[in-house]
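The values are calculated or read from the model by the stated rules, or taken from the named source; none is laboratory data. These numbers were taken from a predicted model, which means no experiment stands behind them. Positions of Cβ are backbone-derived with ideal geometry, glycine not excepted, and every protein chain shown enters the neighbour counts. Each accessible area value is taken on the protein alone, full model and side chains, heavy atoms only, with ligands, DNA and RNA left out. Shrake-Rupley method; radii C 1.70, N 1.55, O 1.52, S 1.80 Å.
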There are 2 protein chains.
Amino acid sequence: MNAFLFTTKSTADGILEREFTVNGVPGVLWSPEPGADGADDVDRAPLVLQAHGGGNHKKHPAMSGRAARLVRGCGYHVAVLDAPGHGDRPRTEHDEQEIAALFAARAAGEPEGPIVVRYNDHLARTAVPEYHALLDALQQLPEIGTDGPVGFWGINMGTAIGVPFVAAEPRITAAVFGQHWPDVLAECAKRITIPIEFDLQWDDEHISREEGLALFDAFASTEKSLHVNSGRHKELPRFEVDSAVRFFARHLGRVVNASA
Amino acid sequence: MNAFLFTTKSTADGILEREFTVNGVPGVLWSPEPGADGADDVDRAPLVLQAHGGGNHKKHPAMSGRAARLVRGCGYHVAVLDAPGHGDRPRTEHDEQEIAALFAARAAGEPEGPIVVRYNDHLARTAVPEYHALLDALQQLPEIGTDGPVGFWGINMGTAIGVPFVAAEPRITAAVFGQHWPDVLAECAKRITIPIEFDLQWDDEHISREEGLALFDAFASTEKSLHVNSGRHKELPRFEVDSAVRFFARHLGRVVNASA
């Protein structure tokens with residue numbers, strides 16, 4: 001049994017935001033504001049789990065912004081955890097060593113990939129069981145339940161956590177991934193058969209085209225879409241968020257409200 | 001001066017359809033039905049030129065269906081010509097020879113690419129000046145004019161015609177291409193700098209991944225997006241039509257009406 005506890009609750013711009021801990025790990029759940037339909041309870045709706053990128057946290061604008069599009073655009077619930085060593089969670093000595101190694105490589109102009117790949121793999125080994133427990137706990141909420149569709153959305157480190165999580169989690173029925181090296185992840189991707197949307201940057205200074213394409217190619221999904229855009233690692237266009245929202249709307253149900 | 005003549009006019013489901021000839025070449029222009037705003041004249045709006053695929057024609061469902069999405073969804077005008085040897089245009093002896101060669105290769109299980117590449121190049125040399133003349137003529141219509149944005153949308157043979165056309169046509173400001181070999185076209189693509197959306201099939205039995213990616217890579221556009229989907233040559237997903245419509249809405253202006 002997981003220890004799940006809501007710790008804060010606030011509402012703004014039509015979105016109910018509730019922070020929580022699950023087995024002590026801090027997270028946030030965004031939902032449509034109750035009462036719009038005259039009832040006081042939170043509406044039952046599909047759920048999308050997000051995982052944030054390296055160096056970010058659960059309420060980084062990339063997370064809250066994507067969540068707002070899913071909540072206001074589709075009426076979904078959206079949840080995300082702080083990754084180990086990120087956000088409100090303490091860094092271990094190992095975290096500090098790996099971050100120092102990354103900064104040293106960056107300063108020396110050396111490839112960041114080998115460090116990021118091994119550190120993300122290390123973090124994912126802790127984060128993946130946390131996401132399984134998160135889903136168990138959220139499905140106990142009446143507004144989510146055990147029979148609704150569930151999606152997953154994570155880019156960069158969110159993909160490093162998401163690919164092994166989704167490979168082992170039959171409750172996830174559609175996922176958006178992208179921008180990661182195939183090392184470690186390709187073997188997990190071969191076990192994933194659900195619909196996938198995958199983002200790559202064509203001029204990524206860290207991940208080569210061959211590496212990015214190799215990870216996309218590894219997914220066993222019958223339906224998979226690759227979106228490549230010109231630009232560097234951090235220049236993923238904003239319109240890919242719109243595309244991901246429509247992808248979830250296609251697979252989890254509900255019409256996108258484009259003006260939201 | 002081009003000889004431009006409307007030959008038929010009909011209205012159905014909110015769409016005005018006018019067939020025409022330009023210098024004797026048959027085409028069709030779809031527009032929003034006039035009168036919705038109380039006025040009798042056809043509204044001024046952006047224009048998208050389409051080019052159809054090999055073996056098809058100007059009013060093939062792929063053309064009329066995409067046009068309906070652009071007309072009803074964005075209020076655009078959409079025009080397409082029959083390619084040489086296609087639709088209402090006569091086949092030459094050379095056309096018959098090339099089609100026979102294609103069918104023979106198909107029956108023998110030999111690669112179709114070399115025949116399609118050379119035949120499409122042959123057709124494009126005739127079709128490209130016809131598209132320049134089409135644009136000249138349409139810009140004389142008050143509902144289109146010379147100062148509105150113009151897009152181009154052509155996949156397969158439509159890309160074989162569209163890439164050399166757009167490379168030489170500064171009036172085109174955004175284009176959707178896809179599913180063609182890079183031979184012949186890559187040199188033209190290097191001169192194209194406008195925003196591009198490009199479709200590929202990951203399991204195309206005719207066009208290899210390397211060939212498809214090479215053509216995408218050749219475009220000089222600062223903003224270019226590649227959409228790769230699992231599936232064979234003819235299995236381009238219907239949702240890529242939605243994506244192309246939103247691409248044009250972003251670049252030519254006007255909001256997509258998703259329910260249209």
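Before moving on, here are some points about what is shown:
- Dipole of the stretch A:32-188, positive direction: furthest Cα of A:Pro182, A:His57, A:Tyr119, with charges on the beta-carbon: A:Pro182
- Rounded percent of accessible protein surface that carbon and sulfur make up, the stretch A:4-252, 1.4 Å probe: 51 percent
- If only the Cβ of Lys and Arg carry +1 and only the Cβ of Asp and Glu carry -1, the dipole of the protein assembly as shown around its Cα centre is close to 500 debye.
- In nanometers and ordered shortest first, the copy-to-copy spacing of the A:Ala220 label point, defined 7 Å from Cα toward Cβ, is 4.6.
- Expressed to the nearest 5 percent, the antiparallel share of DSSP beta bridges inside chain A is 45 percent.
- Take B:Arg209, move 7 Å from Cα toward the beta carbon, and the resulting point lies 1.3 nm from the same point in each other copy, nearest first.
- Among beta bridges that DSSP assigns inside the protein assembly as shown, antiparallel share in %, nearest 5: 50 percent
- Between helix B:93-108 and chain B: long-axis angle, C-alpha atoms, 0 to 90°, nearest 10: 50 degrees
- Dividing the helix sum by the residues of chain A, where each DSSP H run of 4 or more adds -39500 (n - 2.57), gives a mean residue ellipticity at 222 nm of -11500 deg cm²/dmol.
- Sorted shortest first, the distances from the A:His132 label point to those of the same residue in the other copies are 6.5 nm; each point sits 7 Å from Cα along Cα-to-Cβ.
- What the stretch B:4-252 shows is 40 Å² of accessible area per residue, with the surface traced by a 1.4 Å probe over protein heavy atoms.
- Between B:Asp147 and A:Glu93, the simple spin-label model (points 7 angstrom out along Cα→Cβ) gives 7.2 nm.
- Debye, to nearest 20: dipole size of chain A, +1 on Lys, Arg Cβ, -1 on Asp, Glu Cβ: 340 debye
- Among the trypsin sites (Lys or Arg not before Pro) found in the stretch B:84-134, those both in a DSSP coil and sparsely packed, with 15 or fewer other Cβ atoms within 10 Å of their Cβ, are B:Arg91.
- Counting only alpha carbon atoms, the long axis of helix B:61-74 and the longest principal axis of chain B meet at about 40°.
- Buried area at the B:A interface is about 1600 square angstrom, summed over both chains, from accessible surfaces computed with a 1.4 angstrom probe.
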